[in-house]
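The values are calculated or read from the model by the stated rules, or taken from the named source; none is laboratory data. Owing to the predicted nature of the structure, the values given are computational and were not obtained by experimental measurement. Because the Cβ atoms are built from the backbone with ideal geometry, glycine has one as well, and the counts that use them run over all protein chains shown.
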Amino acid sequence: MIDYMVNTFKSFFQNPGAWGLGLAIAFGAVWLAGYRPPLFKKPWLWAVLISSAFLTLAAISFIQIPLQVWAGQALSHFWSQEVLMRWILLAGIPQILLTGLVQEGSKLVPVVVYWWRSGKNIDPKLGLAIGAVAGAGFGIFEAQGLLSGWTWAAVQTGGFMALIYSGFWERFFVVAAHTAFSALAGYGLARGRGWQFYLIASVLHGLLNYSVVLLLAGLLTTVPVEIYIAVIAVLVTAWALWLRWRKRAAMVEPAIPAP
């Protein structure tokens, strides 16, 4: 298992393609723009973006994978593979939930560090922005690895369907989802409800990844899975941006008319 974990970690750094890296950065920039994080006024946010990516990749390789293997072994101890596949909609839940709990926890580490250093007192709008940056950091890095073989020539040959089956649209919305999940977690931490929003972000993350179970169960095919991911990503992004807008509106004091 150790070799598999190490190879998983290395796989994100092998053969990065120019198209994949460019697309990943573009996806992150598009979705981060809505949160307007002060990346240039607060340069340390770049450290949050980079550290979140590396911490989450390490957590996936050395924490998530072993936990999922052990969960699978525990289920196999009580039920046969035939029974598990028959009940895949339920049997897949533990491993799917682990993905959300591990990844959202690791993405939140840089936000928690800043929260502690600032004396546990940060503005919710800033907390949401830091979370968004942390989520986008991992989303970008994950996307560039999965899109490393993507080329424009494939689109010219396969047309619009090549965008779907190459992972282009899936990664576009998954980057949005990673950004929004962590933004919610950062917002909750700043509001003093860190563990509640962490669990919410983890469950939403698991709901997004549950598309894999639906695909394995034969309930959805590739195109409906893409739509499923897009709907969740857009809805969670809308919620996160609404929280940012509401907080901003609440901070604006009404004008007092002159006597």
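The figures follow:
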{"read-out": "Qualifying positions in the range 1-60 - exposed (fewer than 12 other Cβ atoms within 10 Å of the Cβ), farther than 24 Å from GLY72 by Cα and not hydrophobic (A, V, I, L, M, F, W, C)", "value": "GLN14, ASN15, LYS41, PRO43"}
{"read-out": "Residue match in the range 119-137 (condition: assigned to a helix (DSSP H, G or I) and free of Cβ contacts under 8 Å to residues at least 12 places away in the same chain)", "value": "no"}
{"read-out": "Residues that are part of a loop (DSSP other than H, G, I, E, B) and over 30 Å from TRP70 (Cβ atoms), drawn from the range 2-22", "value": "ASN15, PRO16, GLY17"}
{"read-out": "Checklist (1) within 24 Å of ALA230 (Cβ to Cβ); (2) more than 21 Å from the chain's Cα centre (by Cα) applied to ALA33, failing item", "value": "(2)"}
{"read-out": "Selection count, the range 23-57, where residues are of a type in the set (Phe, Trp, Tyr), assigned to a helix (DSSP H, G or I) and over 18 Å from VAL175 (Cα atoms)", "value": "1"}
{"read-out": "Candidate set: the range 33-45, residues that are without any contact (Cβ under 8 Å) to a residue 60 or more places away in the chain and either basic (Lys, Arg) or in contact with a Leu (Cβ under 7 Å, 6 or more places away or on another chain) (or both); chosen: the one nearest to GLY139 (Cα to Cα)", "value": "LYS42"}
{"read-out": "Given (1) modelled with pLDDT under 95; (2) more than 12 Å from the chain's Cα centre (by Cα); (3) under 25 Å from ALA47 (Cα atoms), number of the condition ALA143 does not satisfy", "value": "(2)"}
{"read-out": "Residue selected from the range 220-231 under the condition surrounded by 13 or more Cβ atoms within 10 Å (Cβ to Cβ) and touching a Leu at 6+ places or on another chain (Cβ under 8 Å), by the criterion farthest from VAL175 (Cα to Cα)", "value": "LEU220"}
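Residue-wise test of (1) of a type in the set (A, V, I, L, M, F, W, C); (2) closer than 19 Å to ASN209 by Cα.
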{"position": "GLU82", "(1), (2)": "no, no"}
{"position": "GLY92", "(1), (2)": "no, yes"}
{"position": "GLN95", "(1), (2)": "no, yes"}
{"position": "VAL102", "(1), (2)": "yes, yes"}
{"position": "SER106", "(1), (2)": "no, yes"}
{"position": "TRP116", "(1), (2)": "yes, no"}
